[in-house]
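K.L.:
Sharing a structure, written as structure tokens. Questions coming.
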Amino acid sequence: MQQNNNNCPITRVLLLLLAGSLAGCATSPPSNPDDICSIFREKKGWYGAAKDAEEKWGSPVATTMAFLHQESRFVHDAKPPRTRILWIFPGPRPSDAYGYSQALGTTWRGYQRSTFNYGADRDDFDDAIDFVGWYNNTSARQCRIRPDDTYHLYLAYHEGHGGFNRRSFRNKTWLKQVARKVSARSQKYQRQLASCESSLTRRKKFLGIF
């Protein structure tokens, strides 16, 4: 019994180190963000969350994942870069956008109220991808955009529904270039997903048993 007592502190330290390691793995971005199959194999729960959002909101997995790639490169606590004062000193950030989806605080609170998901966090992947699905669903209804039209969905995501309907993006060449890039990534992700989704679906069903 005395020997077990002496080992307890060591055991606790090892458990704390293991917990810290697992937490780091859970929040670190995927090692290959350009390959959706690699992303979902590395991040075990992400496919299930993305598929649940698709089934709930009608926004394809490839589209929502392309949005998160563009907004944060899958960095859970991403923030906009600070502005510069006199080109040298760090100034304030241009907005309070935060997390995987770079959602603004006011927009996020609107999502929480609309879905009654008041505990949702912007740095939680499951919540973030559900938010993107919700926002795209709203864009489809309010802006009359097809759920698979990633280009126009991204313009609405960036400009807001009112801005999109006013065509505030019309003279923003840079934004339209970004939207085309997001659309191309969505198409690439969809092609990749076609080669691995059956295995991901089987794993999702297996994990759902437990």
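K.L.:
Expressed in nm to one decimal, what extension gain is obtained for the pair residue 177 and residue 56 from 0.36 nm per residue of sequence separation less their Cα-Cα distance?
P.N.:
Numbers: separation 121, 0.36 × 121 = 43.56 nm, distance 2.93 nm.
My answer for the length gained is 40.6 nm.
K.L.:
Give me the distance in nm between label points sitting 7 Å out from Cα along the Cα-to-Cβ direction at residue 141 and residue 96, one decimal.
P.N.:
2.5
K.L.:
Quick one: net charge of residue 57's neighbours, Cβ under 15 Å, K/R +1, D/E -1?
P.N.:
Working: positive: 51, 56, 141, 146; negative: 52, 54, 55, 126, 127, 130, 148, 149.
Cβ neighbours under 15 Å give a net charge of -4.
K.L.:
Then there's this: Roughly what would the spin-label model give for residue 161 and residue 118, points 7 Å off Cα along C-beta, in nm?
P.N.:
In this crude spin-label approximation the distance works out to 2.3 nm.
K.L.:
Under a Cβ-only charge scheme (Lys and Arg +1, Asp and Glu -1), can you give me the dipole magnitude of segment 106-156 about the Cα centre, in debye to the nearest 20? Could the numbers behind the result be given before it?
P.N.:
On the way: 6 positive and 8 negative charges, 85 e Å.
Using only the charged Cβ atoms, the result is roughly 400 debye.
K.L.:
Which of the aspartates and glutamates could a cross-linker bridge to residue 79, judged by Cα under 12 Å and excluding same-chain residues fewer than eight apart?
P.N.:
71, 96, 123
K.L.:
Let me ask you something else. State in Å² the accessible area per residue of segment 89-171; use a 1.4 Å probe, count heavy atoms of protein chains only, and round to the nearest integer. Working shown, then result.
P.N.:
Numbers: 4160 Å² over 83 residues.
So segment 89-171 comes to 50 Å² accessible per residue, rounded to a whole number.
K.L.:
For the pair residue 194 and residue 104, what calculated FRET efficiency results from E = 1/(1 + (r/R0)^6), where r is the Cβ-Cβ distance and R0 = 35 Å, to the nearest 0.05?
P.N.:
Details: r = 34 Å, r/R0 = 0.96.
So the FRET efficiency works out to roughly 0.55.
The values are calculated or read from the model by the stated rules, or taken from the named source; none is laboratory data. Owing to the predicted nature of the structure, the values given are computational and were not obtained by experimental measurement. Cβ: placed from backbone, ideal geometry, glycine included. Neighbour counts: every protein chain shown. The area values use the complete protein model at the heavy-atom level, side chains included, leaving out ligands, DNA and RNA. Shrake-Rupley method; radii C 1.70, N 1.55, O 1.52, S 1.80 Å.
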